[in-house]
Amino acid sequence: MKGIKTLSAVLIALALTAAGVLGSCAKDKDLAGQASAAVVYNTLPVQNDTLFVVNGVIFSMKKVEGGTFMMGSAADKTAQPVHEVKLSTFFIGETEVTQELYRAVMGSCPSSVAGRNVPVGNVTRYLADAFIARLSALTGITFCLPTEAQWEFAARGGNMSRGYTYSGSNNCSDVAVWTGSEPKPVASKQANELGLYDMSGNMLELCYDGKADYGSNVSVNPIGPMNTNMSVTRGGCYETGRSTCTVYYRTTLFYDKAWGYNGLRLAIW
């Protein structure tokens with residue numbers, strides 16, 4: 001597993017040209033704005049809550065201190081056996097990537113349900129990789145998708161975990177947008193122990209690695225198989241039931257497929 005790059009900036013302000021970056025996102029025409037051609041970087045001391053600004057769009061990355069946890073669940077046969085995992089420190093997005101941020105980076109947005117603070121949907125793995133590559137180039141920070149183990153550790157609340165079934169509560173409705181017809185703006189529900197929103201529900205989130213059967217041995221910074229055309233997806237979504245919104249439920253998605261409920265969350269590791 002690659003180490004975490006030392007972050008030299010808490011706030012990175014990027015002013016991008018309207019012609020080169022801004023575009024339309026579904027019916028949300030009011031998101032279009034003006035920008036200069038200059039690229040400006042403002043640096044501040046690193047803090048746990050690392051803020052980035054891309055063309056005026058702010059997003060936060062939360063520091064997740066490394067630790068050890070029991071991954072999986074005896075209640076779900078796809079998440080067995082329960083096994084010990086040790087992770088190094090990493091950063092993960094406070095929220096799912098919004099349509100506003102996606103468009104600020106890519107110039108367009110694939111979502112079918114519009115809203116500036118609604119998470120971006122219809123995201124294939126290829127689109128996610130392209131978005132992350134461009135964001136990384138713009139900021140000088142290597143962003144990526146979280147690994148499946150990182151995702152579950154963060155969803156469980158990291159070292160502050162209280163052992164909830166869903167990310168931040170044993171009541172799904174407290175923390176998750178589920179069994180509905182469309183996504184809701186990010187952070188509409190309660191955060192989990194780490195201050196992360198929508199780890200349960202709203203959008204089904206892509207992970208970095210492919211799916212593999214769990215083993216019983218202790219794993220250190222595990223990454224699933226990459227010689228596959230399928231990504232692990234986690235967290236359930238606005239269209240699904242409570243059982244898919246747990247912190248341990250696993251499913252997969254072909255790289256070239258996506259539906260309205262497929263989104264992503266950023267990580268740095």
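Read-outs throughout are calculated quantities, based only on the coordinates presented, and are distinct from any laboratory measurement. What you are looking at is a predicted structure, and each value in this text was computed from that prediction instead of being measured. Don't worry about glycine lacking a Cβ; one is built from the backbone with ideal geometry, like all the others, and counts go over all protein chains shown.
What to note about this one:
- Counting every other Cβ atom within 10 Å of each residue's Cβ, Tyr238, Tyr126, Tyr248, Tyr255 order from fewest to most as Tyr126, Tyr255, Tyr248, Tyr238.
- Across the range 227-232, rounded Karplus estimates of 3J(HN,Hα) from the backbone phi angles (6.51 cos²θ - 1.76 cosθ + 1.60, θ = phi - 60°) give 8, 8, 10, 10, 9, 5 Hz, Gly and Pro being marked x.
- Inverting the pair-averaged 1/r between distinct Cα atoms of the range 64-268 gives 16.6 Å as its Kirkwood hydrodynamic radius.
- In this Cβ point-charge picture (+1 for Lys and Arg, -1 for Asp and Glu), the range 64-268 has a dipole of about 140 debye about its Cα centre.
- Most to least packed among 117-123, 48-54, 186-192 [average Cβ atoms within 10 Å]: 117-123, 186-192, 48-54
- By other beta-carbon atoms within 10 Å, ranking Phe59, Phe90 with the fewest at the front produces Phe59, Phe90.
- Exposure proxy for Met199, Met71: other Cβ atoms within 10 Å of each Cβ, ordered fewest to most, give Met71, Met199.
- Pairwise Cα distances in the range 170-269 exceed 15 Å in 63 percent of cases.
- Considering only alpha-carbon pairs that sit under 8 angstrom and 6 or more positions apart, the relative contact order computed for the range 122-256 is 27 percent.
- Label-to-label distance, Tyr126 versus Val82, with points set 7 angstrom from Cα along the beta-carbon direction: 4.1 nm.
- Here r is the Cβ-Cβ distance between Ser60 and Ser108 and R0 is 22 Å; the resulting FRET efficiency, rounded to 0.05, is 0.40.
- Cβ charges +1 (Lys, Arg) and -1 (Asp, Glu), total dipole of the range 112-224, debye: 240 debye
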